[in-house]
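The values are calculated or read from the model by the stated rules, or taken from the named source; none is laboratory data. Keep in mind it's a predicted model, so treat the numbers as computed, not measured. Ideal geometry is used to build each Cβ from the backbone, glycine not excepted, and the neighbour counts take in all protein chains shown. To get the accessible areas, we keep the full protein, side chains included, count just its heavy atoms, and leave off ligands, DNA and RNA. Shrake-Rupley method; radii C 1.70, N 1.55, O 1.52, S 1.80 Å.
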Amino acid sequence: MVTQANRNLTDASADASAATSNPAATPGVGGPHVAFPRGNMPERKARMTAATTNGAATEKIGFRDVDVFYGGKKAIQDITLSIPKNTIFAIIGPANSGKTTLLKCINRTIDFITSARVQGDVAVDGVSVSRMRNVFALRRRIGMVFPLPVGLPMSIYDNVAYGPRMSGMRRGAELDALVEKCLRQSALWDEVKDRLHMLGTKLSGGQQQRLTLARALSLRPEILCLDEFSIAIDPVTTMKIEDVLLELKNEMTIVLVTNLVQQAHRLSDYTAFLNDSRLIEVDRTEKIFSEPAQQLTHDYVSGHFG
């Protein structure tokens, strides 16, 4: 059960999958009854959630009394929460509430910000990430996709194959199969299968974002962190990727930061609501959207502010 407490580059691919920046525009927050039409999506989610959460949930990621400072400003205040294994865990909240900072703590890309200071403990599989000496090995276990895509200056094929090659995969047939699988999972294969040797940077913004997702999946991560992944992607393609994410949670834990409240409602098993750098509420998604414990949560998911 999810609870809230009171109070050098050895593998360039790992960092490349995380090296993006915030978008210039942020989509608005929809009301609780505004959603993409989605066939039997609720039934699929319900079946897959039941299969995933049958029995006691095992914690994959844990935050214990975490504070994060940027210089003298506190970006996260006293956050404690548990993210179960093989679930989709959504983090919602207004801009500047600390959502992206939480993601950066998981794979220690927060280390790239010289003014940042983290207090408390962030753990993956029960091991504190701050005590992991090989940070590159940690990042290989965690795929990261930020809002603004970054295509590496190489072919579409090599964008996806680069990480596996650096990790020792050499056989052509194995690489070919992996590249195709990742491009299919990111809903890009049909658009690029006849031009895999074209520069990835020549793709459109939405296609580069999907290429970034394919690159993150290529290392077959245990955890996939998505920060506004659909901001540059059209609604139809977004729905295709959401279907894939529901399948992928059988293989990995997915942490989804989104300003699209209904995306969290459609996809996630659990939802955490942050506001003003604090964790306001965390629970199963259906409860957050139907019977939230806090009035502030109700106001946010209802679209009264954001």
Exercise for the section: For PHE273, indicate whether it is closer than 21 Å to ILE231 by Cβ and surrounded by fewer than 19 Cβ atoms within 10 Å (Cβ to Cβ). Expected result: no
Completion exercise
For GLN207, the lone unmet condition from (1) over 15 Å from the mean Cα position of the chain (by Cα); (2) at pLDDT below 95; (3) open to solvent by 50 Å² or more (accessible area, probe 1.4 Å); (4) of a type outside the set (Ser, Thr, Tyr) is (3)
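Here's the yes/no breakdown for (1) modelled with pLDDT of 95 or more; (2) over 24 Å from GLU247 (Cα atoms); (3) assigned to a loop (DSSP other than H, G, I, E, B); (4) open to solvent by less than 10 Å² (accessible area, probe 1.4 Å):
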{"residue": "PRO149", "(1), (2), (3), (4)": "no, no, yes, no"}
{"residue": "PRO153", "(1), (2), (3), (4)": "no, yes, yes, no"}
{"residue": "ASN159", "(1), (2), (3), (4)": "yes, no, no, yes"}
{"residue": "VAL179", "(1), (2), (3), (4)": "yes, no, no, yes"}
{"residue": "ASP194", "(1), (2), (3), (4)": "yes, yes, yes, no"}
Problem - Filter result (closer than 25 Å to VAL282 by Cβ, in a loop (DSSP other than H, G, I, E, B) and open to solvent by 10 Å² or more (accessible area, probe 1.4 Å)) within the stretch 231-251 - result: ILE231, ASN250, GLU251
Fill in the blank from the handout: Counting only residues that are within 22 Å of LEU219 (Cα to Cα) and either of a type in the set (Val, Ile, Thr) or part of a loop (DSSP other than H, G, I, E, B) (or both), the stretch 101-113 contains a total of 5
Exercise for the section: Within the stretch 252-270, work out how many residues are farther than 20 Å from LEU188 by Cβ and either open to solvent by 10 Å² or more (accessible area, probe 1.4 Å) or not in a strand (DSSP E or B) (or both). Expected result: 10
Exercise for the section: Would you mind stating whether VAL118 is modelled with pLDDT of 95 or more and open to solvent by 50 Å² or more (accessible area, probe 1.4 Å)? Expected result: yes
Handout entry: Residues located in the stretch 114-145, provided they are touching a helix residue (DSSP H, G or I) at 6+ places or on another chain (Cβ under 8 Å) and assigned to a loop (DSSP other than H, G, I, E, B)
Key = MET132
